[in-house]
1. If Ala75 meets every condition in (1) part of a loop (DSSP other than H, G, I, E, B); (2) at pLDDT below 95 apart from one, which number is that one?
2. Quick one: which helices (runs of 4 or more DSSP H) sit completely within region 1-67 and have at least 2 residues that are surrounded by 12 or more Cβ atoms within 10 Å (Cβ to Cβ) and acidic (Asp, Glu)?
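The values are calculated or read from the model by the stated rules, or taken from the named source; none is laboratory data. Everything numeric in this text was worked out from a predicted model, so none of it was measured. No Cβ is skipped: glycine too gets one built from the backbone with ideal geometry, and neighbour counts run over all protein chains shown.
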Amino acid sequence: MANSPISDLAPDGPDLTAYDRDQMSTYLRLIDAADDGADWREAVEIIFGVDPNADLERARATYDSHLARARWISARGYQSLVWPKA
């Protein structure tokens, strides 16, 4: 489990943040669920503890922003883990 609380929206800047580093396991779980074809509503409830039936807009925004961030990290953001900026 992550060390810091999960925000409603993931960061969207061009650099890896402390939040991103804390949420790596969350991002991995989210990518696994999406790649396995899990329904986003079930994933957001299990991974983030957000009930889509109670707050559909918040649930969708949380899911979408974190999945986008997870995909960005897996495509490019990981590079700063391997090659930190000088």
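1. The single condition Ala75 does not satisfy is (1).
2. Details: elements: 18-22, 24-35, 40-43.
So the answer is 18-22.
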